[in-house]
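The values are calculated or read from the model by the stated rules, or taken from the named source; none is laboratory data. On a predicted model such as this, the values are computed, not experimentally measured, just so you know. Side chains are part of the model used for accessible areas, which takes the heavy atoms of the whole protein and leaves out ligands, DNA and RNA. Shrake-Rupley method; radii C 1.70, N 1.55, O 1.52, S 1.80 Å.
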Amino acid sequence: MKKGEQTRRHIICKSAELFNLQGYAGVSLNEIINATGIQKGGIYKHFVNKDEIAMEAFEYAADTVFEQFVAAVSSRQSAMEKLISMFELYSNVVDSPPFVGGCPVMNAAIEYDDGHPLLREKTQNRMRDFISFIKNILHEGITNGEFKSSIDQDGAASFLMAALEGGIMLSKLEADNRHIHYIKDHVSAFLKTLEA
């Protein structure tokens, strides 16, 4: 990787952490400068404005978490184990989340639901990707005879995503991982009702 590409990547990585911790509105260009150690001219050499940084930082953060989901799932055999592994990925969300500040897609969804249309659209697309990922695992479970064929895959995938994000949010809010563990236990019970 060339030096200019390394610098651009460094700005994206550091900014992604800032945005995920403080939100888009809560991060100033000066904070990006302080976090990266790169002066204003150096930042503008690589990015047109804060919006461009924010969009690339969001994509980086979402990609990082998605890759961890894929890795967690790929180490499991059954569809049930794959789905549970996504909740286990966040089992210590308070002290060691898959990305600094929690789930970047949820954080962005909350911040951008009524503002910043372009970032809102990116967030919607990424949430759809995560739900599709879950739906594909459900479909795999149906195909291999693990789950009933009558499952409402769209509804179940939406429920599982909402349960995961809700568990993350409650655990982060109260600085207590018990919520994500409660959710995982209830999701496990729910998945058993889907077994063929």
For the chain, the longest principal axis of the Cα atoms and the Cα long axis of helix 50-74 enclose an angle in degrees, to the nearest 10, of 30
Listed by chain and number, the aspartates and glutamates with an alpha carbon less than 16 angstrom from that of Lys14, same-chain partners under 8 positions apart left out, are Glu5, Glu31, Asp51, Glu52, Glu56, Glu59, Asp63
Here region 5-22 yields Karplus 3J(HN,Hα) values (6.51, -1.76, 1.60; θ = phi - 60°; whole Hz; Gly and Pro given as x) of 5, 5, 5, 4, 4, 4, 4, 4, 4, 5, 5, 4, 5, 4, 4, 6, 7, 10
Candidates for percent of Cα pairs over 25 Å apart are (1) 41; (2) 57; (3) 32, and the calculated one carries label (1)
A correct Karplus calculation of ³J(HN,Hα) over region 116-132, with 6.51 cos²θ - 1.76 cosθ + 1.60, θ = phi - 60°, whole Hz and x for Gly and Pro, returns 6, x, 5, 5, 4, 5, 4, 5, 4, 5, 5, 4, 4, 4, 5, 5, 4
Along region 183-196, Karplus-curve 3J(HN,Hα) (6.51, -1.76, 1.60; θ = phi - 60°) to the nearest Hz, with x for Gly and Pro, reads 4, 4, 5, 6, 5, 4, 5, 4, 5, 5, 5, 8, 5, 6
For the chain, longest principal axis from Cα atoms; helix 153-174 axis from its Cα atoms; angle between them, nearest 10 degrees, is 60
With Cα coordinates, the longest principal axis of the chain makes an angle with the long axis of helix 79-88, in degrees rounded to 10, of 40
Going through Lys122/Lys184; Lys148/Lys192; Lys2/Lys45 one by one, the pairs whose alpha carbons sit over 18 Å apart turn out to be Lys122/Lys184
At the level of C-alpha centres, the distance separating region 84-155 and region 20-64, in angstrom, is 24
Residue-normalised value, i.e. accessible area per residue, for the chain at 1.4 Å probe, in Å², stands at 51
